[in-house]
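The values are calculated or read from the model by the stated rules, or taken from the named source; none is laboratory data. What you see is a predicted model, and the numbers here were worked out from it, not measured in a lab. Cβ: placed from backbone, ideal geometry, glycine included. Neighbour counts: every protein chain shown. These area figures cover heavy atoms from the full protein model, side chains too; ligands, DNA and RNA do not enter into them. Shrake-Rupley method; radii C 1.70, N 1.55, O 1.52, S 1.80 Å.
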Amino acid sequence: MLLDYLLLSSGFILIFINLAMLYLFKILPKLSTNYELKNEPLVSIIIPAKYETKTIEACISSLLNSNYKNKEIIVVVGDSYTKEIVSKFKNINIIEESPLPEGWIGKNWACYIGYKHAKGNYLLFTDAD
């Protein structure tokens with residue numbers, strides 16, 4: 001009997017909480033999505049790319065066509081085939097990956113190299129695929 005009462009009352013409490021949340025979502029103001037920054041900070045987009053010949057072109061095209069205008073794209077290339085594809089694009093900072101120092105992992109090293117060349121207020125690290 002007590003168990004039935006507890007289950008029933010907890011069910012009512014959950015229903016009440018859900019109704020209260022629905023009401024709050026309806027009355028709370030929504031954030032505007034139609035805004036433009038007056039002074040867009042520079043964003044450095046850093047892409048470590050080694051053996052990414054299948055995906056690098058689509059990745060860079062997507063980044064170049066994004067709505068955000070104040071950006072620099074830095075591609076740290078680790079092989080000549082990827083470098084050849086990236087070289088076809090304009091306004092891309094291409095940096096050749098230097099030899100991997102002892103104690104470093106490949107992608108971390110490439111990200112660090114990109115970071116050292118970045119000029120942006122913000123850094124965005126992304127993979128080529």
Carbon and sulfur %, accessible surface of the chain computed with the full protein complex present, 1.4 Å: 60
Over 23 Å (Cα to Cα) - which of K83/K107; K38/K107; K50/K90 fall in this group: K38/K107
Net charge over other residues, Cβ less than 15 angstrom from the Cβ of Y51 (K, R count +1; D, E count -1): -4
Per residue accessible area of segment 28-100, 1.4 Å probe, in Å²: 69
Cα long-axis angle, helix 106-117 against the chain (0 to 90 degrees, to the nearest 10): 80
F125 long-range amide H proximity, modeled H, under 5 Å: I46
The chain: mean projected area of Cα convex hull, nm²: 14.9
Relative contact order of the chain, defined on C-alpha pairs under 8 angstrom at six or more residues apart (%): 33
